[in-house]
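Before any comments, here is the structure.
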Amino acid sequence: MLQIRPYIWETMTTNDRNLKNRHVFGPVPSRRLGISLGIDVVPFKTCSLNCLYCECGPTNHLSIERRSFFPRQKLLDELSSQLPEIPHLDYITFSGSGEPTLNADIGWLITQIKKISPVPIAVLTNGTLLFQGEVRLDLRQADVILPSLDAASPNAFARINQPHPGLQLGRIIDGLMALRHDFPGPIWLEVFIVKGSNDREKELSALHAAIQRIKPDKVQLNTLDRPPAYAGIQSADFSDLEKIRALWSDLPVEIIKRTGRREEILEFSRNLENSLLNTVRRRPLTLADLVALTGKDENELRQYLDVLEKEKKIKPQIIDGNIFFTCN
Ligand code: SF4
């Protein structure tokens, strides 16, 4: 997984947080979740995995022990004090720099948030603890769960995710299947592709078989955008992800990786790019506005916007409860 992956695009660090708050951050425009307010319920880099690609750095507290890390009422108070100041939110999202289900109060927090806010709740989790019935029970009131699974063979799992020694891949996959059985809401499974590691044919085929058993509502392919925890980790190209999508054509796959380079855009059009830039220069527009104006597909436009944003020519901004693109 994970970290909340805001638009910009999908990684948030402690620097992005409102300094008044220790645990609540945002709201941020998120590609997967719209306008999202994050709540981080574990200490920095407390996780059951130590993923090579983690954008928050190496895990400094590798654990599978669920605990009450903070006074739960304080977490709730911090969130509830923020909510009246935010006119529109698409999700309140449990995420951050570690694994949120390690917090033994997550079920209580979800229940209490439901009492004070109608905003849907999303949980980003690495999925490693879902084999425990009590963890699935804790998440039952969430509106969407976004687990991750990067490998379906023990070797690849050990290599990419460097798990806590008490974890077993088979149980994790069983846990994801049990979640599908128990949880009535949508499950969006993220698969993080590391070039030269889990993109080999054998591994992709094992992942495909596991995902067929898990039956998520969406499979979201992602890869590295930012400096990883460990040197030497390579990002997959957009075309690599397109190939995986074609290979897994029987699964509901979408690509959530940001496009960094024009060469990654199939049939790149300089005219379209200039037209997008000129349009946004005149007034802020949403992605839906741009789709209506250009008649182009949303995913195609996102790639152009990614490149322009990376070059700091445009930026996503929350205005009146919508995500607009404006010029820098
Ligand atoms: S180590 Fe892995 S699971 Fe843990 S926060 Fe980082 S990316 Fe997510």
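The values are calculated or read from the model by the stated rules, or taken from the named source; none is laboratory data. Worth saying up front: this structure is predicted, and the values here are computed from it rather than measured. Cβ placement follows ideal geometry from the backbone for every residue including glycine, while neighbour counts extend to all protein chains displayed.
Structure data summary
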| quantity | calculated |
| --- | --- |
| Selection count where residues are buried (at least 16 other Cβ atoms within 10 Å of the Cβ) and within 12 Å of residue 23 (Cβ to Cβ), scope the stretch 57-79 | 7 |
| Candidate set: the stretch 1-42, residues that are modelled with pLDDT of 90 or more and within 12 Å of the ligand (Cβ to nearest atom); chosen: the one surrounded by the fewest Cβ atoms within 10 Å (Cβ to Cβ) | 42 |
| Residue that is farthest from residue 207 (Cα to Cα), among those in the stretch 233-262 that are touching a helix residue (DSSP H, G or I) at 6+ places or on another chain (Cβ under 9 Å) and among the small types (Gly, Ala, Ser) | 260 |
| Count of residues meeting criterion [over 21 Å from residue 187 (Cα atoms), without any contact (Cβ under 8 Å) to a residue 40 or more places away in the chain and part of a helix (DSSP H, G or I)] in the stretch 230-245 | 3 |
| Residue match in the stretch 127-136 (condition: within 17 Å of the chain's Cα centre (by Cα) and within 13 Å of the ligand (Cβ to nearest atom)) | yes |
| Candidate set: the stretch 263-276, residues that are at pLDDT below 85 and part of a helix (DSSP H, G or I); chosen: the one surrounded by the fewest Cβ atoms within 10 Å (Cβ to Cβ) | 263 |
| In the stretch 54-71, the residues that are of a type in the set (Asp, Glu) and more than 9 Å from the ligand (Cβ to nearest atom) | 65 |
| Those residues of the stretch 185-208 which are among the acidic types (Asp, Glu) and farther than 30 Å from residue 143 by Cα, in sequence order | 199, 201, 203 |
| Any chance residue 82 is assigned to a helix (DSSP H, G or I) and touching a residue at least 60 places away in the same chain (Cβ under 8 Å) | yes |
| Among (1) in the same structural domain as residue 171 (by TED's automatic domain parsing); (2) more than 30 Å from residue 183 (Cβ to Cβ); (3) touching a strand residue (DSSP E or B) at 6+ places or on another chain (Cβ under 6 Å), the one test that residue 308 misses | (1) |
| Selected residue (only one of 163, 186 is assigned by TED's automatic domain parsing to the domain that holds residue 99 and buried (at least 18 other Cβ atoms within 10 Å of the Cβ)) | 163 |
| Residue that is nearest to residue 318 (Cα to Cα) [pool: residues in the stretch 90-118 that are among the charged types (D, E, K, R) and surrounded by fewer than 22 Cβ atoms within 10 Å (Cβ to Cβ)] | 90 |
| Flag for residue 152 being in contact with a helix residue (DSSP H, G or I) (Cβ under 7 Å, 6 or more places away or on another chain) and either without any contact (Cβ under 8 Å) to a residue 60 or more places away in the chain or within 16 Å of the ligand (Cβ to nearest atom) (or both) | yes |
| Selection count, the stretch 199-230, where residues are at pLDDT 95 or above and within 16 Å of the ligand (Cβ to nearest atom) | 2 |
| Qualifying positions in the stretch 120-136 - surrounded by fewer than 20 Cβ atoms within 10 Å (Cβ to Cβ) and either outside the structural domain of residue 216 (by TED's automatic domain parsing) or closer than 23 Å to residue 321 by Cβ (or both) | 120 |
| Residue selected from the stretch 85-114 under the condition among the polar types (S, T, N, Q) and part of a loop (DSSP other than H, G, I, E, B), by the criterion farthest from the ligand (Cβ to nearest atom) | 95 |
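Every residue, every condition in (1) buried (at least 18 other Cβ atoms within 10 Å of the Cβ); (2) not assigned by TED's automatic domain parsing to the domain that holds residue 151, yes or no:
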site: 203; (1), (2): yes, no
site: 217; (1), (2): no, no
site: 221; (1), (2): yes, no
site: 248; (1), (2): yes, no
site: 253; (1), (2): yes, no
site: 278; (1), (2): no, yes
